[in-house]
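Q: Following this message is one structure expressed as structure tokens.
Read-outs: derived from the displayed coordinates by stated rules, not from any lab. Keep in mind the model is a prediction, meaning the values are calculated, not measured.
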Amino acid sequence: MEVSGKIKVLGETQTFGSNGFRKREVVITTEEQYPQMIMVEFIQDKCDLLNNFAIGDDVKININLRGREWINPEGVAKYFNSIQGWRIEKLQATGQANTPPPVENMNAFEPANDTTSTDDAADDLPF
């Protein structure tokens, strides 16, 4: 699955426990009729994927949905969901996607050699 949007919040890497578990969160705003603020977690070595991104970047994030059950002290089951990112890439700015590459100055090109013959008899085209 994937989700696309503009980076709104880019959190710092957090480390938990003695085992060194790492987590980094990013919040993106989707570009829909009703924009959503979606928080995506990157864990362990995936935290480093966010190093080259900044607030305001348009991105596409590949995600996995995770769910877990927790039984509270009263014996009641509670359910939690999380969205984990495993790949992120920058998207082209909207106005630049269909822009053709710049054309060099026409004077920079060499003129083509004239290969036409002055003899009309050599021209066998009917027009």
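Q: Once you keep just the Cα pairs under 8 angstrom separated by 6 or more residues, what percentage relative contact order results for region 4-95? Could you put the intermediate results ahead of the total?
A: Working: 181 pairs, mean separation 24.6, N = 92.
Here the relative contact order equals 27 percent.
Q: Rounded, prolate or oblate: which fits region 1-83, taking a ≥ b ≥ c as square roots of the Cα gyration tensor eigenvalues, rounded meaning a/c under 1.5, else prolate when a/b beats b/c? Don't skip to the end; give the middle numbers.
A: Working: a/c = 2.59, a/b = 1.37, b/c = 1.89.
It is oblate, given that a/c is not under 1.5 and a/b is not larger than b/c.
Q: Same structure, new question: Within straight cross-link reach of Lys8, meaning Cα distance under 25 Å, which lysines are found once same-chain residues fewer than 8 apart are removed?
A: Once the sequence-local lysines are set aside, what remains near Lys8 is Lys23, Lys46, Lys60, Lys90.
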